[in-house]
Amino acid sequence: MIQPSEYARRRKQLMRMAGGDAIVIVAAAPERVRNNDAHYPYRQDSDFHYLTGFPEAEAVLALVPGRAAGEVILFCRERDAERERWDGARAGTEGAVSRYQMDDAFPIDDIDDILPGLIEGRERVYYHFGRDVDFDLRLISWINRLRAQVRHGMRPPHEFVALSHLLHDLRLYKSRAELRLMTRAAQIAAAAHVRAMQTTQPGQNEHEVEAELLHVLRKHGAVPSYEPIVGGGANACVLHYRANNAALRDGDLLLIDAGAEFQCYASDITRTFPVNGRFSPAQRALYELVLDAQHAAIDQVRAGFAFDAYHEAAVRVLTRGLIRLGLLKGTLERNLREQTYRQFYMHKTGHWLGLDVHDVGDYRIDGEFRQLEAGMVVTVEPGLYIAPDARGVPARYRGIGIRIEDDVVVTDGAPLVISADVPSDVDAIEALMAAGR
């Protein structure tokens, strides 16, 4: 659990970066209707959560550096016994101050009267324009109200700045508390993958395996960090396969890409294993090639190395192996230069991980890939996808899709794999599946 004092430190740091003449405005995520009067499960906006830990909708955070009456103001719903009887307890303005360490809090219904006064006299507004159109229009109306009173001495802001330029770089570096939550999210997801390996049988449906994953996540207080991919056979060659409703056949591989979100922090794990518990020779050859590529890539996830170094390492191993297996022709350097491997490996080897599965943060600075630093977290996920109708490919390899993905923390020393509780070695997978049966 992240303590209120850590959220307070984050707010202080952001205000220092914004400057004493700015105001930072961050809105909570709105509730979304799924259909008719049924809502999607509520999930707080990641930036709002990062700065507050406040879990409720209908809230707005205003950071006003240097304001004598309090720099940190939260607008939120008031306590309401009748609504709380239906929807659950609210923090209210008192709870916002006492439990979440806000300097001051006001009812959200009063925001039109109060927030324009906080904006007045500030040179810059930091805000996420375009994320919530309805709130964009409200903010514009407040600014226009101030502009209409310039002749009466009002001073509207002159500059509007995308908040992501400041905030998202902060989020890139994980604290010890964040890493503990991410490790727990990875452990829960790993347990779900282990259960899937232990229970999968030929003749099942993909959605039955998905149910096993979801059971483990919810049992441990987590939810899926994204829609799980459960693709058997050639479905594994569809990178963002979503149907999860096909029969699992004896002799096929099953690719599962599924992560857990625990207290808003994500994990992201992929494993590929044989439905019947035994890899065929062709499956083993391709699988071990992907695993070798992952090992080479993980070794490059080190402080001081460029972000793209681990992708380049994976590509080199995969390309060399594809030539050895006869799926590519010619020299290694020519295939790398011409990127012929992209017919079988068409995505990057990883991404930032944190409050979002594809977490925020620039990958390049001034046009160059940024260097990895301690506290950053990435995924490492090489793969091979041989389409069922791939030309010039031996039949034994067609229709095989393989991806192996782990979550890796950049440290001051060796890479730290926090998702290692689920096996990736061929013999270990086969042994686990045999024991489960």
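The values are calculated or read from the model by the stated rules, or taken from the named source; none is laboratory data. Quick caveat, the model's predicted, so the values are computed rather than measured. With ideal geometry, Cβ positions are generated from the backbone for all residues, glycine too; neighbour counts draw on all protein chains shown. Heads up: the accessible areas ignore ligands, DNA and RNA and are worked out on the full protein's heavy atoms, side chains in. Shrake-Rupley method; radii C 1.70, N 1.55, O 1.52, S 1.80 Å.
When you check PHE129 against the structure, is it assigned to a loop (DSSP other than H, G, I, E, B), out of contact with any Ser or Thr (no Cβ under 8 Å at 6 or more places or on another chain) and either open to solvent by 80 Å² or more (accessible area, probe 1.4 Å) or not small (Gly, Ala, Ser) (or both), yes or no?
Working: assigned to a loop (DSSP other than H, G, I, E, B): yes; out of contact with any Ser or Thr (no Cβ under 8 Å at 6 or more places or on another chain): yes; either open to solvent by 80 Å² or more (accessible area, probe 1.4 Å) or not small (Gly, Ala, Ser) (or both): yes.
So PHE129 passes the test.
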- Task: Within region 265-313, work out how many residues are in a loop (DSSP other than H, G, I, E, B) and of a type outside the set (Asp, Glu).
- Result: 14
- Item | Residue within region 23-32 that is at pLDDT below 95, under 21 Å from PRO224 (Cβ atoms), of a type in the set (A, V, I, L, M, F, W, C) and surrounded by fewer than 20 Cβ atoms within 10 Å (Cβ to Cβ) present | no
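So, ARG99, is that one modelled with pLDDT of 95 or more and surrounded by 12 or more Cβ atoms within 10 Å (Cβ to Cβ) or not?
Working: modelled with pLDDT of 95 or more: yes; surrounded by 12 or more Cβ atoms within 10 Å (Cβ to Cβ): yes.
Here the answer is yes, as ARG99 does meet what is asked.
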- Note on the structure: Listed by first then second residue, the pairs whose first member lies in region 286-299 and is closer than 15 Å to GLU312 by Cβ and surrounded by fewer than 21 Cβ atoms within 10 Å (Cβ to Cβ), whose partner is modelled with pLDDT of 95 or more and of a type in the set (D, E, K, R), with beta carbons under 6 Å and at least 6 positions apart or on separate chains, are none
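Residue-wise test of (1) surrounded by 14 or more Cβ atoms within 10 Å (Cβ to Cβ); (2) part of a strand (DSSP E or B); (3) in contact (Cβ under 8 Å) with a residue 24 or more places away in the chain.
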position	(1), (2), (3)
GLY361	yes, no, yes
ALA374	yes, no, yes
LEU384	yes, yes, yes
ARG391	no, no, no
ILE402	yes, yes, yes
ASP407	yes, yes, yes
ASP412	no, no, yes
SER419	yes, no, yes
ILE429	yes, no, yes
- Residues in region 181-189: is at least one among the basic types (Lys, Arg) and either part of a loop (DSSP other than H, G, I, E, B) or out of contact with any strand residue (DSSP E or B) (no Cβ under 7 Å at 6 or more places or on another chain) (or both)? no
- Counting only residues that are in a loop (DSSP other than H, G, I, E, B) and closer than 13 Å to GLU71 by Cα, which one in region 1-21 is least open to solvent (accessible area, probe 1.4 Å)? GLY19
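Got at least one residue in region 338-348 being within 30 Å of ALA162 (Cα to Cα), out of contact with any Asp or Glu (no Cβ under 7 Å at 6 or more places or on another chain) and open to solvent by 10 Å² or more (accessible area, probe 1.4 Å)?
Just the residues of region 338-348 that are within 30 Å of ALA162 (Cα to Cα), to begin with: 347-348.
The next check asks that each one be out of contact with any Asp or Glu (no Cβ under 7 Å at 6 or more places or on another chain); those that pass are 347-348.
Next, only the ones that are open to solvent by 10 Å² or more (accessible area, probe 1.4 Å) stay: 347-348.
Yes, that holds for at least one residue.
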